[in-house]
1. Confirm whether Ala35 is farther than 14 Å from Lys108 by Cβ and either over 10 Å from the mean Cα position of the chain (by Cα) or of a type in the set (D, E, K, R) (or both).
2. Yes or no: Thr39 of a type in the set (Ser, Thr, Tyr) and modelled with pLDDT of 95 or more?
3. Do the conditions hold for Trp90, that is, is it under 18 Å from Ile29 (Cβ atoms), in contact with a Gly (Cβ under 6 Å, 6 or more places away or on another chain), in contact (Cβ under 8 Å) with a residue 12 or more places away in the chain and hydrophobic (A, V, I, L, M, F, W, C)?
4. Among (1) touching a Leu at 6+ places or on another chain (Cβ under 8 Å); (2) modelled with pLDDT of 95 or more, where does Phe89 come up short?
5. Which strands (runs of 3 or more DSSP E) sit wholly inside the range 35-94 and have at least 1 residues that are surrounded by 14 or more Cβ atoms within 10 Å (Cβ to Cβ)?
6. Working only within the range 95-113, note down all residues that are farther than 24 Å from Ser25 by Cβ and surrounded by 11 or more Cβ atoms within 10 Å (Cβ to Cβ).
7. Just a yes or no: is a residue in the range 51-72 aromatic (Phe, Trp, Tyr), within 20 Å of Ser117 (Cβ to Cβ), more than 14 Å from the chain's Cα centre (by Cα) and at pLDDT below 95?
8. Let me spell it out: the conditions are (1) surrounded by 13 or more Cβ atoms within 10 Å (Cβ to Cβ); (2) at pLDDT 90 or above, and Cys16 meets all of them except one. Which number is the exception?
Amino acid sequence: MCKAVLIFSAMLLTGCASLDPFYKSPEQIQARKDAFFQTNPKLSKETKDCIQKSEIMVGMTREQVRASWGDPEPYRGSSTVYDDGTSEFWYYRAGYPYEYTLHFINGKLDSFTKDRSADSY
């Protein structure tokens, strides 16, 4: 219990969130990350560390989030184009009945929340 509280507190302090990979093997996940690192050698240390730990943080691009967590839930995202930019929502399972909702503005992660999934009620 104490360890869980410390981990949760650390996530709040650092502004990162991590996701347990449900659909890919550890080798597949690492291969995805390695390929991303090779094609993006100028990443900041903070961003690279976050991706390596399968975490996300506000300010990451869509591609960086995808490198860290993989593809979002299919058929659930939404995108709206406004005069001043684009707003997108992505969804990731976080262990039933929870999911993460990620909000991107102009291709950068603006916020994320962990909530009960709509299909769990």
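The values are calculated or read from the model by the stated rules, or taken from the named source; none is laboratory data. Here the structure is a predicted model, which is why all the values come from computation and not from measurement. No Cβ is skipped: glycine too gets one built from the backbone with ideal geometry, and neighbour counts run over all protein chains shown.
1. Numbers: farther than 14 Å from Lys108 by Cβ: yes; either over 10 Å from the mean Cα position of the chain (by Cα) or of a type in the set (D, E, K, R) (or both): yes.
Judged against the criteria, Ala35 is a match.
2. In short, yes.
3. So Trp90 fits the description; yes.
4. (2)
5. Values: elements: 55-57, 78-82, 85-93.
Qualifying strands (runs of 3 or more DSSP E): 55-57, 85-93.
6. Pro97, Thr101, His103, Phe104, Ile105, Asn106, Gly107, Lys108, Leu109, Asp110, Phe112
7. No - not one qualifying residue is present in the range 51-72.
8. Among (1) surrounded by 13 or more Cβ atoms within 10 Å (Cβ to Cβ); (2) at pLDDT 90 or above, Cys16 violates only (2).
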